[in-house]
Amino acid sequence: MTDEQPSVRAEWPLYEVFVRGKRGLNHVHVGSLHAADDQMAVRHARDVYTRRNEGVSIWVVRADLITASSPDEKDPLFAPSGDKVYRHPTFYAIPADVPHM
Amino acid sequence: MPDTTHGSHPAPDPNAEHGSIFDGLLGSDASQWAFGTDFEDPLAGVDTTIPDGVAPADLAAYCLMLADDALVASHRLSEWCSRAPDLEEDIALANIALDLLGQARLLLARAAAADPAVTPALPAGSPVPPEDALAFFREQEAFRNVRLVEVPNGDFAHTVVRLLLFATARLALLERLAHSRDHVLAAVAAKGVKEVTYHRDYAGRWFLTLARGTEESRRRLLAALQELWPLYPEMTATHDVEARVAAAGVGVDPATAADEVDVVLEQVFAMSGVERPEGAPLAGVRGRTGRDGLHTEALSRMLAEMQVVARAHPLGRW
């Protein structure tokens, strides 16, 4: 459609898409898309990101509603955990009779 | 402590590289790393014997009607590829076209199985399967689709209106066909119901959006509705073949779904603030319409483009 009025040609807002796979336990970010509103974003996400039988559930959220950490803060936020491997619970033996581990 | 309710997941490795965004979507089958799993064959375990009490020629003709509606509609939708107003709509229309192509393939194969005489003859040694022979080697007079699906594309509103009319009528039909005595038709219909439900939803939402959008979008929508409405009654008219297969419990008389289709369309029109169009049905020629193989010249041009490569290489392997 090249002959629409310029006033309605404004870009649709950007949405981020999260899909939960059939055996996946959590929704995973898979990409982004444009849509006019929330419901259209769900439909678009279905059409764009679940075509190959990937998903059973979709979340969408307006990209401008996401608050993200800044790359400038990378060191103060994340570097301190880089040398604290003891935070993983891998330093003790699990007894054989403990289920679901 | 990590969440212990899913202990098969190993503790995160602090030295691992950042994973793919598709991690966790894949199930356990890494061989299909970019895709979902558990694909299903819609005809797995289905009894393919031809039911008694129905003439094979009638069953084949009926399957061709259902198949050709889907095939021609699919081709018109696929003409939007790379031309839709937005990338997301481009993919949405292609998805719908592929759903319908899948229905057409199963139905064409069923037509050929019911009555091999419907399949055009091909040179000896041709590897072309029967469903492809029916799609690519029949003349326009042998196509039994309604004329609604064959008229050329217009603007996006035209596609939305056509898809709304088509999907609404087809959904009502498939819901009934899911109880067919022919187990193959029943299975194809059951699969199709889920697909066409989405097609109708897609078209209905866009119909409402365009009707309540700008002056220009509404003007285009109403123009498309005015143009396509005379073709709509053919979707719910009863052909002799349909009457016979319905009487045999194998097919569905579309007239029995007409009221339901009308109610759904009235709801969409009311929500959209659109008057139900007036306008007489497009006449046939001596009572013959698309179901009898009488088509507009647009179909012959469409078929010429759709069939040219297959016809140039009847012995080709793809």
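The values are calculated or read from the model by the stated rules, or taken from the named source; none is laboratory data. Small disclaimer: the values here were computed from a predicted structure and weren't measured. Heads up, the Cβs are rebuilt from the backbone with ideal geometry, glycines too, and the neighbour counts pull from every protein chain shown.
Structure summary
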| item | result |
| --- | --- |
| Of the criteria (1) more than 30 Å from A:M40 (Cβ to Cβ); (2) assigned to a loop (DSSP other than H, G, I, E, B), which one B:P85 fails | (1) |
| Failed criterion for B:S31 (all others in (1) modelled with pLDDT under 95; (2) in a helix (DSSP H, G or I); (3) crowded, with 16+ Cβ neighbours inside 10 Å hold) | (3) |
| Residue in region A:1-20 that is nearest to the other protein chains (Cβ to nearest Cβ), counting only those that are modelled with pLDDT of 75 or more and in a loop (DSSP other than H, G, I, E, B) | A:W12 |
| Single residue of region A:46-101 satisfying the filter (of a type in the set (A, V, I, L, M, F, W, C) and assigned to a loop (DSSP other than H, G, I, E, B)) that is nearest to the other protein chains (Cβ to nearest Cβ) | A:M101 |
| Total residues in region A:21-45, condition more than 8 Å from chain B (Cβ to nearest Cβ) and touching a residue at least 12 places away in the same chain (Cβ under 8 Å) | 6 |
| Conditions (1) closer than 19 Å to B:M65 by Cβ; (2) β-branched (V, I, T); (3) more than 17 Å from the chain's Cα centre (by Cα); number of the one not met by B:T214 | (1) |
| Pair list, Cβ < 7 Å and 6+ apart or interchain, from region B:108-130 residues that are of a type in the set (V, I, T) to residues that are at pLDDT 90 or above and surrounded by fewer than 19 Cβ atoms within 10 Å (Cβ to Cβ) | B:T119/B:P130; B:V128/B:L122; B:V128/B:P314 |
| Residue list for region B:78-101, filter: in contact (Cβ under 8 Å) with a residue 40 or more places away in the chain, within 13 Å of chain A (Cβ to nearest Cβ) and either aromatic (F, W, Y) or within 30 Å of B:L185 (Cα to Cα) (or both) | B:W80, B:A92, B:L93, B:I96, B:D99 |
| Qualifying residues in region B:206-215 (those that are assigned to a helix (DSSP H, G or I) and buried (at least 16 other Cβ atoms within 10 Å of the Cβ)) - the one nearest to the other protein chains (Cβ to nearest Cβ) | B:T209 |
| Number of the condition not met by A:K74 [criteria: (1) farther than 30 Å from B:S217 by Cα; (2) in contact with an Asp or Glu (Cβ under 7 Å, 6 or more places away or on another chain)] | (2) |
